[in-house]
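Engineer: The structure is given below, and queries will be raised subsequently.
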Amino acid sequence: MSSPVAELHMHIEGSLEPELIFALAERNSVQLPYADLDDLRSRYEFTDLQSFLDLYFANMQVLRTAQDFADLTRAYFARASAGGVAHVEFFFNPQAHVNRGVPLHEVLDGIMDAVATSEREFGLSSAAIAAILRDRPVHEAEEVFSEIIRLQTPIVGLGLDSAEVGNPPSLFEDVFARARSEGLHVVAHAGEEGPPEYIWQALDLLGAERIDHGVRALEDPALVARLVDEEVPLTVCPLSNVRLCVVDSLSEHPLRTMLEAGLLVTVNSDDPAYFGGYVDDNFAQLRDQLGLTDAERETLARNSIKASFASDARKAQLLRG
Ligand SMILES: Nc1ncnc2[nH]cnc12
Ligand SMILES: [Zn+2]
């Protein structure tokens, strides 16, 4: 029996499976631009991050009510728990819903309802991170963040995601400073498609406690030394990196190089409904295609718990297995 894992990098909207897209479209009378499931599935071929984001945002149109968000979140919890995930810190994208007319409270009520019962229902502790869309105007991020705070939403942190290149962390210094002053954890996607410079900015300007992805850190030895020295966790997403053409194949993924460099690496699913699998699928394919050993898996599992924002008591419980 392998040790429990914490999943620290997944987007709840990226767990929207094709079957649920069709079921929610029916429930909400949404006309989908796909003939059937096979037609939808045939579109899951991506050439880069943007080509994925286009489909990711398009499919969100079926999410309308608190019930939809609760059903989506619970479906992920059930699947993740079955795959050995015992703790999750997941992203959601409030702007992606508010901007198409869904009231913020519908999003928050649904997600937080599922979070509140995850331990009882699925034996899985959970926490939500509001992620800012970095390719949208800065004032929009500030407005949605203010509203989340005004509603006293029990989120655990603030994150930064969406199209990376050309949208550096430096743009979002103020909203991240506010998040920190509210006592929230802060994390940022950096070094997925963007340069190592964006990782430096995430650390120095945003105060990021974890870097989401960070694979391009390997291009900058001084940055690697800093990340090792400060034990900054990197939430790496191997299947995502292959599907978004960040790496050519899983057998060429730099995960082992990162581990050998002494980086605090974790394995995550990112957008499991789009990238061919959940955390357990990532581990299984890493074993088959990269020769990931049981000892390496154990290290990665322990890293994920260490890197989480769970309480010390919960971390100790998770580490006991
Ligand atoms: N891999 C990813 N990178 C940036 N933004 C995202 N939003 C959902 N998945 C993402
Ligand atoms: Zn991501």
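Engineer: Could you state the orientation-averaged shadow area of the convex hull built on the Cα atoms of segment 189-321, in nm² to one decimal? Can you show the working numbers first?
Structural biologist: On the way: hull surface 32.0 nm².
That works out to 8.0 nm², a quarter of the Cα hull's surface.
Engineer: I need the helices of the chain that pass two filters: whole DSSP H segments spanning 20 Å or more by Cα along the axis, and mean Kyte-Doolittle score no lower than -0.5.
Structural biologist: 66-82
Engineer: Return a whole-number percent for the relative contact order of the chain, with Cα pairs under 8 Å and 6 or more residues apart as the contact set.
Structural biologist: 20 percent.
Engineer: The chain: D in µm²/s via Stokes-Einstein (Kirkwood Rh, Cα pairs, 25 °C, 0.890 mPa s)?
Structural biologist: Rounded to a whole number, D works out at 125 µm²/s.
Engineer: Could I ask something else about it? Find how many whole Å separate the alpha carbon centroid of segment 23-73 from the alpha carbon centroid of segment 110-151.
Structural biologist: If we compute the Cα centre of each part, the gap is 20 Å.
Engineer: May I pose another question? For segment 176-299, what's the relative contact order in percent, using C-alpha pairs closer than 8 Å and at least 6 residues apart?
Structural biologist: Taking the mean separation of contacting Cα pairs over the length of segment 176-299, I get 18 percent.
Engineer: In whole Å, what is the distance between the alpha-carbon centres of segment 93-107 and segment 234-289?
Structural biologist: 30
Engineer: When you count, for each residue, the other Cβ atoms within 10 Å and take the mean per peptide, how do 256-264, 124-132, 42-50 rank with the highest first? Before the final figure, lay out the partial values.
Structural biologist: Details: 256-264: 16.8, 124-132: 23.6, 42-50: 14.6.
Output ranking for 256-264, 124-132, 42-50: 124-132, 256-264, 42-50.
Engineer: Okay, moving on. Please compute the per residue accessible area over the chain with all protein chains in place, 1.4 Å probe, rounded to a whole number of Å².
Structural biologist: Ligands and nucleic acids excluded, the figure is 39 Å² per residue.
Engineer: Give the carbon-plus-sulfur fraction of the accessible surface of the chain in %, rounded to a whole number; probe 1.4 Å, heavy atoms of protein chains only.
Structural biologist: Details: 6080 of 12500 Å².
Answer for the chain is 49 percent, counting heavy atoms of protein chains only.
The values are calculated or read from the model by the stated rules, or taken from the named source; none is laboratory data. Quick caveat, the model's predicted, so the values are computed rather than measured. Reconstructed Cβ throughout: ideal geometry from the backbone, glycine too, with neighbour counts over all protein chains shown. Please note that ligands, DNA and RNA were not included when accessible areas were found on the heavy atoms of the full protein model with its side chains. Shrake-Rupley method; radii C 1.70, N 1.55, O 1.52, S 1.80 Å.
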